[in-house]
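The values are calculated or read from the model by the stated rules, or taken from the named source; none is laboratory data. Owing to the predicted nature of the structure, the values given are computational and were not obtained by experimental measurement. A quick note on method: Cβ atoms are made from the backbone with ideal geometry, for glycine too, and the neighbour counts reach across all protein chains shown.
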Amino acid sequence: MSIATPFLEMSQAIVDAGGEALKKCYQCGTCTGTCPWTPITHFNIRMLVRMSQLGLEGIEDNMWGCSTCKFCVDRCPRGVEIIDLVRAIRSVYSMGGMLPQSLRAFVGSMSARGNPWSGDQEKRNDWAKGKYPLYTADKEYLNWTCCTSAFDPRNVHVAKATAALLDAAGLSWGLPSTAVNCCGESLSKVGDSELFERLKTNNLQFFDNNEVKKMIVASPHCLDTFTKQYGRDYKVIHLSELLADLIKAGKLTPKKDLGGIKVTYHDPCYLGRHNQVYDAPREVLQAIPGIDFIEMGRNREQSMCCGGGGGGLWMEKMKGERLSDLRIEEALATGATVLATACPYCITMFEDSVRTLNAEDKIKIKDVAELLLESLDINVAEPVADVCTTS
Amino acid sequence: MEFEPKILGIACNWCTYTGADLAGTTRLKYPQNLRVVRVMCSSRINPSFIFRAFQLGADGVLVGGCHPGDCHYNTGNLYARRRLAVTKKILDFAGLEPSRFRVEWISASEGNKFAEVVKEFTEHVQILGPQTKFKIAGVS
Amino acid sequence: MTNFKQIEENLKKEAKKLLEAGSVAVVLAYTKGADEKHPQPFAAKKADDVANIIFNEYCNHNLARYIVRYAPGTKIAVAVKAADSRAVVVLIQEEKIKRENLILLGIPVSGMKNQKTGEIIDEKTTGGLTNPVVYDVLLGEEIHTGKPVSPYTVLEQYEKMDKDARFAFWKAQFDKCIRCYACRKACPMCYCDPCFIDQTKPRWADKSPQSHGNLMYHLTRFQHLAGRCIDCGECTRACPVDIPLYLFHKKVAKDCEEMFKQAAGMKIEDKLVMVDFRVEDSDKILE
Amino acid sequence: MSRIGVFVCHCGLNIAKTVRVSELVEFARTLPDVVVAEEYKFMCSTPGQELIQNDIKKYKLDRVIVAACSPLMHEKTFRKVIAATGLNQYLLTIVNVREQTSWVTSDIEVGTAKGKALINGAVYRARLLSPLVSRVIDVNPDIVVVGGGIAGIQAALELADTGKQVYLVEKSPTIGGHMAQFDKTFPTLDCSACILTPKMDAVLQHKNIKMMTYCEVTEVKGYVGNFDIIVKQKARYVDHDKCNACLACTEKCPGKGVSEWDEGLAKKKAISIPFPQAVPQKPVIDRDSCTFFLKGKCRLCEKVCEQKAIDFEQQDTFVNIKAGAIIVATGYDLMDTKPLVQYGYGKLPGVYSALEVERLFNSAGPTGGKVTLRDGSEPKSIAILHCIGSRDKNNHEHCSRVCCMYSLKFAHLFKEKTSADVYQFYIDMRAAGKGYEEFYNRIIEEDVKFIRGKGARITESKEEPGRLVVEAEDTITTKFINLPVDMVVLSPAIVPRADAKDVQRMFNLSSDKHGFFMERHPKLAPLSTMTEGVFIAGVCQGPKDIPDTVAQALGAAAEVLTIVSKDKMELEATTAIVNPAVCCGCQNCVRVCPYGAPSFNEQKNVCEINEALCKGCGQCAAACPTSAIIARHFTNEQVLAEIEGLMEY
């Protein structure tokens, strides 16, 4: 047995970094028993808390396993804010330079370019091909494009679908200028609070200067950050909620029958457990004619994690240690041919898994917005609006 | 030196006074600007006590009673709620900051709440600064 | 405009009838004072007294004030304008008088004037009402101007004031007080004998007209009249140093109405809000 | 001019640590009318008390101020101290320099300053105190015990044996409570029925106990010594005076209801007794399952009853009881675990709650004492999950205290009655009690497996349909346990009765933050409540085991006897009176008094207060516009003087 000496200064450093919650834990193991990673990896969240309580060596080897899915937080009998704790631990250690290789590129890109995808900031709105207006104070909504939607070729389709839907509903909206950068959600979970604050300040400058009152976000991660960490009094609406409302109000009417396809829905952690949006995306799906909607066994509050949160999207995982693989298998087991979701991270994770599992012809990954657009029967290749602005 | 307000507390015997004792038994720490007068029920509080306390130099007055529905005398605090609500409106219209007068329902088991309320109220009164409007010149 | 002469005639006629029939021991009305602008309250006890009754636009006195002076059980007829009738209602609610011992001679009226300034007082101090809320005989046509006046509009400028300015305003007002107690003398609700301020056990405040004693007297009086003041404005008209007490009373009345959903003296069946409660009263009223 | 003595207590270091006691004494000496000020290590001790008494004589004191712990703690003690010298007990003032001063600050400057302010206020107040004479009232010697579980039964028997008349009010059709549902009791494993049923029978037989089953208290008026209680006798539709307990009706009855007694695991007839040993042995009709009440015809029971005891016309009736004291022993509920979806209770048939399992073990239970699953098979592997809803911020923060021990008992009984493997999923084992650790050791030796980790989730097994899988971390090995079992037993939180709030209001009790009834003092008055004459016993006060419950019941009985064993008792003299000279007859006091103590005297045009009805809240004094009402011991002058004194420093 190895010898360990409690190093309480380290424990205190974690507390000081926002990990106050570690004092409450009584080590019952409910978190580990609930954690989606427990059955497939060596990551043990309870042990991480335990090590932090005593400042034991080995924390740094255990701290990257968490994808901040919040399942354990909801179940914890002591009300320990485990995600805050994980963030604090990571912040203490990444200050000490202990960032895993795979995250260095991510943090580097954030620092140099303000987005995680090493994209050129100037090209943030290029997907729109200048067809959509920029946001100005006279418009009702700011349509906030997630960096992933702006730069990742797969998710660009979601950005386009979103824009087309907003126009089809006749909303008054605009895109952010290229001066904005990533909301910083994953960065804050990775523990780089300094850089996070920098990104936040820059974005807030844009919001304040342009008097942003209402914002549409397609990414639940942006939703979470803007509502909980930015501290401004604007309204942030997730796209799925907006779409559900527009359908109810008769402003969008799905007509085209999708031909009886079987669709199941994956609750993104940051939309569901983090922000309690469960019904809206389901309402959208069920409003579309010709969709045979099936639930997976684990849904809503009990939903599984894709593994993309908390920086997971940028970390390499070995085969057999990927939650998204398990989730795809679960979706396949329902007989669904489409796995719908409402988060660019989930989409990215699932698209990867579909490829590595060779399931591309068995199941398609779609954003709820994409499915809705299909049933509206609008050509998305070119934006419908003819408004012309500079980007 | 930081302004140390004088705060008068009037607490009912059964809930808030007992709750305040519980805060002590559990060794919770809170600012000691509060001096508590014990009465049997929050309904005992004559509104003129409040006016008088401000004249005698109180910078804040905190009244504590049982939660509505839990009054030891069944309905005392329900009358008190109305009576003291009017008192507060009168203070407000007379030009005194109404937040210098607060009514809180604190049960015998809410030692925590008592300590928190006192802390929060003391800090609030500290920010408001000394109460000079009603204070009779010459009282210490 | 109200036909004051017609009302005076009707008042005399009714008073005479009641006194002759012996159905009341006294009729409370008005009579001539030093001049037309200063009529006096008047108690007609015999049919012959009726000739001295007058009614004009300066007959502001709230006659409800005088009812409690008579021994319990005395049959009394009272001339009541809108606010006076509300005072009667409160006195009945408070069991100071019994409805069956009263005959209320209702006077619908608009255009009453302030004795000192001559300005029309309707919108300021009649609770926005022109017709009595309760009566047995109506001495004129009910008045329906069609435009209900909020009794609280006059408060707006004071509510908007900054707290310090409002304090300065009231301090200046209360500092004028010479403690003549005309306000409480004129008030139909101030029937306490002795008044709290005259107590020695305890001595609630200094009895000489000093700033802090004045403040204590007035604030406590506002509290005692909360939910009872019916906005007749008599306190203010009686005040020799022109303290606008009605403003403060009105503000408390407004707050009470908002908090307890009931205005004072509107219905005999209503409960007195300050000695009543509802379980569902919100804690918001304490914020 | 009064002559005041101020006595400041160190309370060891409890006060002295954060309050400079000598400085308070010096300060007190400077205050008006203070003729002596002294300090002592423990003022409540005999030497401390003598110090006060000697000074009263020596300095001819007529007011005494004791600066010590809270008045709720020792006001009574010190009142007796000064009364013994002949000084009126109401001339005492307590200054709370412990609970509300020394214990709530760590700064001695601040503590000392506050202590001075409080003493100053007390001196101002003390000068205005008046001697008061306590009222002496007649005491009704009868006692009402509410709740017929083991606590109520034990208290009732004890009191009845002293010759007092006891009314035992029970909500359900039989007495016995939860204990009657159990098969064995830990740690001795004696049979629950064997120790309980003789007591139940003794209640029935006792000439001094009026057993009122199927009854509920609906109103409580009055005060200590003289309570007026209204009890509702719910309609049984069976005349128990005529019924000879032949139970022919039950045999013939076609109506089927769910047996609450068997925790829903069995059916019961619409006319039935809850279980064979029920007391009384006479049935009631359950309206919700009776064919006659549901469909308008049947009345088979009526036909077979030779005693003509069936009475479908019976109505609820109300009985008035007068009593001098009350014991509330209303027990507990188990938390409903259905909302905890991760455990699948109510959805997965193999998941049981603790009370259901108690019934499975019981030979009078739905399976005749055999441990079988709902499909009749015997489980081969059983998991017992501790702390379900207890020690849990999302549900109930308190520890339910008995679950560890009954879970051990379950393990033993499973081992005894089946050949199953038994697992315990626990967070901490709590076995503090006489013989408890030994019992724990015994169960370990019986080869029960202990897994230190809270059960996180129960799922249906994919490999073996019908079986369950318990998921949890074994925090000792840090391994994720996936344990296939046939049966899962949840140990749910013990929570206050669903109607505890109503009971609390009716008897004017306080409750702690979990909803359990609150004792007057956690250590020194654990069975008294804030309402004089009302005592609490058993789990309604907080989770506890049977020995503690019985001990509390006996303690409460003794407390009751201190009241009802005397014909007369003294009441607090702190009632309100009217000074007729300044009463304006507004009748505000009449309108606000919850007890109807004030009334209006029309002849004199003043209000008067009936002291016997007054409880001393002082509400009338605040509502009185002319200050005519004197709330004795809390008069306007006294309160104002205290405020003035407090605000001076």
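Tabulated results
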| item | result |
| --- | --- |
| Enumerated strands (runs of 3 or more DSSP E) restricted to region D:537-610, each holding at least 2 residues that are farther than 30 Å from C:Pro72 by Cα | D:568-571 |
| Test set (1) in contact (Cβ under 8 Å) with a residue 12 or more places away in the chain; (2) farther than 30 Å from D:Asn140 by Cβ; (3) aliphatic (A, V, I, L, M) - D:Val341 fails condition number | (1) |
| The listed residue being assigned by TED's automatic domain parsing to the domain that holds A:Ile328 and of a type in the set (D, E, K, R), out of A:Asp208, A:Asp257 | A:Asp257 |
| Among residues of region D:459-483, those that are touching a residue at least 24 places away in the same chain (Cβ under 8 Å) and within 41 Å of the chain's Cα centre (by Cα), counted | 8 |
| Residue list for region A:273-290, filter: more than 19 Å from A:Ala161 (Cα to Cα) and of a type in the set (Val, Ile, Thr) | A:Val277 |
| Test: residue in region A:2-14 that is in contact with a Phe, Trp or Tyr (Cβ under 6 Å, 6 or more places away or on another chain), in a helix (DSSP H, G or I) and of a type in the set (Asp, Glu) | no |
| So D:Glu532, is it acidic (Asp, Glu) and either within 14 Å of chain A (Cβ to nearest Cβ) or free of Cβ contacts under 8 Å to residues at least 24 places away in the same chain (or both) | no |
| Residue match in region D:362-377 (condition: more than 14 Å from every other protein chain (Cβ to nearest Cβ), surrounded by fewer than 18 Cβ atoms within 10 Å (Cβ to Cβ) and part of a strand (DSSP E or B)) | no |
| So A:Gly29, is it surrounded by 18 or more Cβ atoms within 10 Å (Cβ to Cβ), without any contact (Cβ under 8 Å) to a residue 12 or more places away in the chain and either more than 22 Å from A:Ser324 (Cβ to Cβ) or not assigned by TED's automatic domain parsing to the domain that holds A:Ser193 (or both) | no |
| Selection count, region D:92-141, where residues are acidic (Asp, Glu) and either buried (at least 20 other Cβ atoms within 10 Å of the Cβ) or assigned to a helix (DSSP H, G or I) (or both) | 2 |
| Matching residues, region C:272-287, being exposed (fewer than 15 other Cβ atoms within 10 Å of the Cβ) and either in the same structural domain as C:Asp84 (by TED's automatic domain parsing) or not β-branched (Val, Ile, Thr) (or both) | C:Arg278, C:Glu280, C:Ser282, C:Asp283, C:Lys284, C:Glu287 |
| Test result for D:Lys295, loosely packed, with under 15 Cβ neighbours inside 10 Å and in the same structural domain as D:Lys164 (by TED's automatic domain parsing) | no |
| Criterion (closer than 18 Å to D:Ile153 by Cα, under 36 Å from the mean Cα position of the chain (by Cα) and in a loop (DSSP other than H, G, I, E, B)) met by exactly one of D:Val279, D:Val217 | D:Val279 |
| Selection within region C:239-252 - more than 9 Å from chain B (Cβ to nearest Cβ) and free of Cβ contacts under 8 Å to residues at least 60 places away in the same chain | C:Cys239, C:His249 |
| Qualifying strands (runs of 3 or more DSSP E) (wholly inside region C:1-110; at least 3 residues being under 15 Å from the mean Cα position of the chain (by Cα)) | C:76-80 |
| Per-region count, region D:583-603, residues facing chain C (nearest Cβ under 7 Å), buried (at least 22 other Cβ atoms within 10 Å of the Cβ) and in contact with a helix residue (DSSP H, G or I) (Cβ under 7 Å, 6 or more places away or on another chain) | 2 |
| Unmet requirement for D:Ser461, which otherwise passes all of (1) surrounded by 17 or more Cβ atoms within 10 Å (Cβ to Cβ); (2) among the polar types (S, T, N, Q); (3) modelled with pLDDT under 95 | (1) |
| Criterion: within 14 Å of the chain's Cα centre (by Cα), within 7 Å of chain D (Cβ to nearest Cβ) and among the charged types (D, E, K, R) - qualifying residue of B:Arg35, B:Arg81, B:Arg27 | B:Arg35 |
| Total residues in region D:260-306, condition free of Cβ contacts under 8 Å to residues at least 40 places away in the same chain and among the aliphatic types (A, V, I, L, M) | 3 |
| Matching strands (runs of 3 or more DSSP E) fully within region A:182-272 where at least 3 residues are within 24 Å of A:Asp167 (Cβ to Cβ) and not acidic (Asp, Glu) | A:214-217, A:235-238 |
| Counted residues, region C:260-283 - those being among the charged types (D, E, K, R) and at the interface with chain B (Cβ under 9 Å from one of its Cβ atoms) | 4 |
| Boolean, D:Val64 is surrounded by 14 or more Cβ atoms within 10 Å (Cβ to Cβ), touching a residue at least 60 places away in the same chain (Cβ under 8 Å), in a strand (DSSP E or B) and not acidic (Asp, Glu) | yes |
| Hits in region D:459-493 (condition: assigned to a strand (DSSP E or B), within 11 Å of chain A (Cβ to nearest Cβ) and touching a Gly at 6+ places or on another chain (Cβ under 6 Å)) | D:Val470, D:Glu471, D:Ala472, D:Glu473, D:Asp474 |
| Those residues of region C:163-178 which are surrounded by 14 or more Cβ atoms within 10 Å (Cβ to Cβ) and facing chain B (nearest Cβ under 10 Å), in sequence order | C:Lys163, C:Arg166, C:Phe167, C:Ala168, C:Phe169, C:Trp170, C:Lys171, C:Phe174 |
| In region B:63-81, the residues that are within 14 Å of C:Val279 (Cα to Cα) and either hydrophobic (A, V, I, L, M, F, W, C) or surrounded by fewer than 23 Cβ atoms within 10 Å (Cβ to Cβ) (or both) | B:Cys66, B:His67, B:Pro68, B:Gly69, B:Asp70, B:Cys71, B:Asn74, B:Thr75, B:Leu78, B:Ala80 |
| Residue identified as closer than 27 Å to D:Ala621 by Cβ, more than 10 Å from every other protein chain (Cβ to nearest Cβ) and under 20 Å from the mean Cα position of the chain (by Cα) among C:Pro188, C:Pro151 | C:Pro188 |
| Residues of region D:611-638 classified as part of a helix (DSSP H, G or I) and free of Cβ contacts under 8 Å to residues at least 40 places away in the same chain, total | 4 |
